Amino acid sequence: TVAAAILQKKGLNVKIVEKQKFPRFVIGESLLPRSMHNFEKADFIDVIEQAGFQKKYGAKFADKHEICDFDFASQFSDGWKWTWQVKRDRFDHLLAEEVVKRGIPLDYEAEVTAVRFNEDGSSVTTVNKESHTSNIHARFIVDSSGYGRVLPRLLDLDHPSGLPERSSFFCHVKPKEVSNDKERMRIIIIVYTHDVWGWVIPFADGTSSIGIVGSPEGVHRYEGTKEEQMRKWIAEIPALQERFTDCEMVFEPRTITGYASAVKQLYGNGYVLTGNASGFVDPIFSSGVTLATESAALAAELIFDQLAGKTVNWEKDYSEYILGGVDVFKTFIEAWYAGDLQKIFFSASPNEKIKQQICSVLAGYVWDLENPFVKKHDRVLSNLAKVVSS
């Protein structure tokens, strides 16, 4: 929807095809401030604001006895100081309805089954729920299919991620007592062991998303039904026990395993991959929507330039840029699972300037080369961890 809205603003004809019927459930509910810039480009801010989603002003990391609170208002980079926490079924449907109101045709329950590239563009074959086949001619294709990964499958672009297999186990819950304090304006990341962590994402309606992430054997250590397993996790982790004992589960807990993915290339003649279609790393720092909207907004700008006759260097201007941000997130993710970030977060005497610079990364500003934790992310983070440990 971000790519489509921007391209339409620039005067191009756009069509969206979507395999599922909205609204539909999807994970990835805690946004980052960087994504707000891309919602601005698509003129989505007002319509999202009017929907009344829970505003998010930071992230809290909680160990058994320690708290590290990051306030986006105190970050190093210039930019938005807050964002939203959203139920993605409603949020995604809202944006889809908005682009339809603007005159962009959107075909639900239409599966892309084949793509052919010609000199004058591409031909896309879709099949709807009545098994009716249609062909769409396009000058350019934006693959925003997320975990569906349409073009990676059709064009054999999948590539091993190189990351360990991990599982996420999650559900939405309604506590018996809803807190109205400022904690609702945070995502809470809970440290459990070196390879297992949990999340709490409060929503505006008083419910919360809770989840456990880690190695499959670590996440699924308990027996019983999925609800019984989740209640054992709630009883096991003090931060969950305190908030969600005897809570109502809005739906049965669900599992996603082996979610990390990568591709051989992000673009080709007449197409570009955005968001999860181009790869996914890990949910720990809520990077999914930021990478999706950043890649979509940039792709739209470059597509317009190319179709207007300008020369576009897709490798430098798109692939290297997007993957540069992915690499920053990946460095922080690897440091998290190695335990280095926890040492930094819970150090006895934190440096305020360093905390602001790290806060900017956690806010999604992973392309701000003025920030040493972006420009030299691998060396700076590992060196800091050594200093803290010494």
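The values are calculated or read from the model by the stated rules, or taken from the named source; none is laboratory data. No experiment lies behind these values; they were computed from the predicted model shown. Cβ placement follows ideal geometry from the backbone for every residue including glycine, while neighbour counts extend to all protein chains displayed. We work out accessible area using only protein heavy atoms, side chains counted, and drop any ligands, DNA or RNA first. Shrake-Rupley method; radii C 1.70, N 1.55, O 1.52, S 1.80 Å.
Restricting attention to strands (runs of 3 or more DSSP E) lying wholly within segment 131-184, give those where 3 or more residues are at pLDDT 95 or above and within 24 Å of the chain's Cα centre (by Cα).
141-143, 167-174
Considering LYS81, LYS21, which residue is in contact (Cβ under 8 Å) with a residue 40 or more places away in the chain and over 22 Å from ALA297 (Cα atoms)?
None of the other options fit; the residue is LYS21.
Are there helices (runs of 4 or more DSSP H) fully within segment 207-261 with at least 2 residues that are modelled with pLDDT of 95 or more and among the charged types (D, E, K, R)? List them.
226-236
Residues are listed down the side, and each one gets a yes or a no for (1) among the aliphatic types (A, V, I, L, M); (2) surrounded by 14 or more Cβ atoms within 10 Å (Cβ to Cβ); (3) on the phi > 0 side of the Ramachandran plot; (4) in contact (Cβ under 8 Å) with a residue 40 or more places away in the chain:
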site: THR225; (1), (2), (3), (4): no, no, no, no
site: TRP233; (1), (2), (3), (4): no, yes, no, yes
site: LEU240; (1), (2), (3), (4): yes, yes, no, yes
site: ASN276; (1), (2), (3), (4): no, yes, no, yes
site: GLY279; (1), (2), (3), (4): no, yes, yes, yes
site: SER286; (1), (2), (3), (4): no, yes, yes, yes
site: VAL289; (1), (2), (3), (4): yes, yes, no, yes
site: ALA296; (1), (2), (3), (4): yes, yes, no, yes
site: ASN313; (1), (2), (3), (4): no, no, no, no
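What single numbered condition from (1) in a loop (DSSP other than H, G, I, E, B); (2) under 20 Å from CYS359 (Cβ atoms) fails to hold for VAL312?
(2)
Test GLU320 against the criterion of being open to solvent by 10 Å² or more (accessible area, probe 1.4 Å), free of Cβ contacts under 8 Å to residues at least 40 places away in the same chain and closer than 28 Å to GLY28 by Cα, and give yes or no.
yes
Count, please, the residues in segment 262-274 that happen to be open to solvent by less than 30 Å² (accessible area, probe 1.4 Å) and not in a strand (DSSP E or B).
3
Specify which of the listed residues (ALA110, ALA73, ALA114) is free of Cβ contacts under 8 Å to residues at least 60 places away in the same chain and in contact with a Ser or Thr (Cβ under 8 Å, 6 or more places away or on another chain).
ALA114
Tell me yes or no: at least one residue of segment 323-337 is of a type in the set (S, T, N, Q) and farther than 20 Å from ALA262 by Cβ.
No, there is no match, as no residue in segment 323-337 is of a type in the set (S, T, N, Q) and farther than 20 Å from ALA262 by Cβ.
Say whether the condition of being open to solvent by less than 10 Å² (accessible area, probe 1.4 Å), closer than 29 Å to ILE189 by Cβ and touching a residue at least 24 places away in the same chain (Cβ under 8 Å) is met by at least one residue in segment 4-15.
The answer is no; no qualifying residue exists.
For residues that are assigned to a loop (DSSP other than H, G, I, E, B) and either free of Cβ contacts under 8 Å to residues at least 40 places away in the same chain or open to solvent by 30 Å² or more (accessible area, probe 1.4 Å) (or both), tally how many sit in segment 185-205.
Of the residues in that region, 6 qualify.
Which numbered condition in (1) in contact with a strand residue (DSSP E or B) (Cβ under 9 Å, 6 or more places away or on another chain); (2) surrounded by fewer than 18 Cβ atoms within 10 Å (Cβ to Cβ); (3) under 30 Å from LYS232 (Cα atoms) is the only one that ASP181 fails?
The single condition ASP181 does not satisfy is (1).
Show the residue pairs that are 6+ apart or on different chains and have beta-carbon atoms under 8 Å apart, the first residue being within segment 37-64 and free of Cβ contacts under 8 Å to residues at least 60 places away in the same chain and over 30 Å from PRO238 (Cα atoms), the second being part of a helix (DSSP H, G or I) and open to solvent by 30 Å² or more (accessible area, probe 1.4 Å).
ASP43/LYS9; PHE44/GLU98; VAL47/LEU94; VAL47/GLU98; ILE48/LEU94; ALA51/ARG90; ALA51/LEU94
Is one or more of the residues making up segment 116-125 over 20 Å from ILE303 (Cβ atoms), part of a strand (DSSP E or B), out of contact with any Gly (no Cβ under 9 Å at 6 or more places or on another chain) and open to solvent by 40 Å² or more (accessible area, probe 1.4 Å)?
no
Within the group LEU298, LEU369, LEU323, LEU291, which residue is among the hydrophobic types (A, V, I, L, M, F, W, C) and over 17 Å from the mean Cα position of the chain (by Cα)?
Sole residue among the options that is among the hydrophobic types (A, V, I, L, M, F, W, C) and over 17 Å from the mean Cα position of the chain (by Cα): LEU369.
Condition first: of a type in the set (A, V, I, L, M, F, W, C) and under 22 Å from ASP317 (Cβ atoms). Can you find one or more residues in segment 199-208 that meet it?
So far as segment 199-208 goes, no, none of its residues is of a type in the set (A, V, I, L, M, F, W, C) and under 22 Å from ASP317 (Cβ atoms).
Of the residues that make up segment 100-113, is at least one assigned to a loop (DSSP other than H, G, I, E, B) and at pLDDT below 95?
Checked segment 100-113: no residue is assigned to a loop (DSSP other than H, G, I, E, B) and at pLDDT below 95.
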